[in-house]
Amino acid sequence: MSVAFTREEDLEATAADLPDRPVSSHANLVTPEGLAMIEAELASARAAYAAAQAKGDIEADRTAMARATRDLRYWSARRGNAQLVETAPDGAVRFGGSVTIEREDGRVQTWRITGEDEADPAKGSVSHVSPLARALMGKRVGDVAVVAGQEVEITAVD
């Protein structure tokens, strides 16, 4: 067995072991921005797939094709079951809105409640299925909720 043949088998094994991206079992609620992000990711996945096919050297780089195929499946599924939710402010914490909380230690934090794919806690957005969002949904300014075992007060809702 040649070294080149062994290397090719290793690439195929790597590509074959690339797991699918898990698709959440929760409703795929999205904000208008989240839907635009999913559509952009789907377009990017289609472009990556086309580029991997056009490259013509699939035998040498099965991992790129496997990654593109996996991402295309994921984003196609997410776009296919996306449920656009547009809500108007009504004074209660809701999907797509922002909420400001004050913690017992005095920290003030503002969070936007979004879909799972667009959630980014480092940028101030959390998924509607997160424990934080679940604890706050439906509450209004002045209400208290328990988050991570500690009470928080809702100080603003947008």
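For T110, state whether it is farther than 16 Å from L35 by Cα, touching a Ser or Thr at 6+ places or on another chain (Cβ under 6 Å) and β-branched (V, I, T). Show your work before the answer.
Working: farther than 16 Å from L35 by Cα: yes; touching a Ser or Thr at 6+ places or on another chain (Cβ under 6 Å): yes; β-branched (V, I, T): yes.
Spelling it out, T110 is indeed farther than 16 Å from L35 by Cα, touching a Ser or Thr at 6+ places or on another chain (Cβ under 6 Å) and β-branched (V, I, T).
Exactly one of these conditions fails for Q53: (1) open to solvent by less than 60 Å² (accessible area, probe 1.4 Å); (2) assigned to a helix (DSSP H, G or I); (3) free of Cβ contacts under 8 Å to residues at least 40 places away in the same chain; (4) more than 24 Å from L29 (Cα to Cα). Give me its number.
Result: Q53 fails condition (1) only.
So that you can scan it fast, the table gives a plain yes or no per residue for (1) within 22 Å of V129 (Cβ to Cβ); (2) over 23 Å from the mean Cα position of the chain (by Cα); (3) of a type in the set (D, E):
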site	(1), (2), (3)
N28	yes, no, no
L42	yes, no, no
R46	no, no, no
R62	no, yes, no
T69	no, no, no
Y74	yes, no, no
G80	yes, no, no
R94	yes, no, no
T100	yes, no, no
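Of all residues being farther than 16 Å from R21 by Cα and at pLDDT below 90 in the range 56-82, which is surrounded by the fewest Cβ atoms within 10 Å (Cβ to Cβ)? Just the residue, please.
To start, the set of residues in the range 56-82 that are farther than 16 Å from R21 by Cα comprises 56-62, 82.
From what's left, at pLDDT below 90: 56-62.
Working: G56: 8, D57: 11, I58: 13, E59: 10, A60: 12, D61: 14, R62: 19.
If we take residues in the range 56-82 being farther than 16 Å from R21 by Cα and at pLDDT below 90, then G56 is surrounded by the fewest Cβ atoms within 10 Å (Cβ to Cβ).
Which strands (runs of 3 or more DSSP E) sit wholly inside the range 83-158 and have at least 1 residues that are open to solvent by 40 Å² or more (accessible area, probe 1.4 Å) and under 13 Å from V30 (Cα atoms)?
108-114
Mind listing whichever residues of the range 104-158 are charged (D, E, K, R) and either touching a strand residue (DSSP E or B) at 6+ places or on another chain (Cβ under 7 Å) or more than 23 Å from R78 (Cα to Cα) (or both)?
Our first condition is that a residue be charged (D, E, K, R); within the range 104-158, this holds for 104-105, 107, 112, 116-118, 120, 123, 134, 139-140, 143, 151, 153, 158.
If the condition is that a residue be charged (D, E, K, R) and either touching a strand residue (DSSP E or B) at 6+ places or on another chain (Cβ under 7 Å) or more than 23 Å from R78 (Cα to Cα) (or both), then E104, D105, R107, R112, E116, E118, K139, R140, D143, E151, E153, D158 are the ones that fit.
The values are calculated or read from the model by the stated rules, or taken from the named source; none is laboratory data. All figures in this text were calculated on a predicted structure; none of them were measured in a lab. Glycine gets a Cβ as well: all are built from the backbone with ideal geometry, and neighbour counts include every protein chain shown. These area figures cover heavy atoms from the full protein model, side chains too; ligands, DNA and RNA do not enter into them. Shrake-Rupley method; radii C 1.70, N 1.55, O 1.52, S 1.80 Å.
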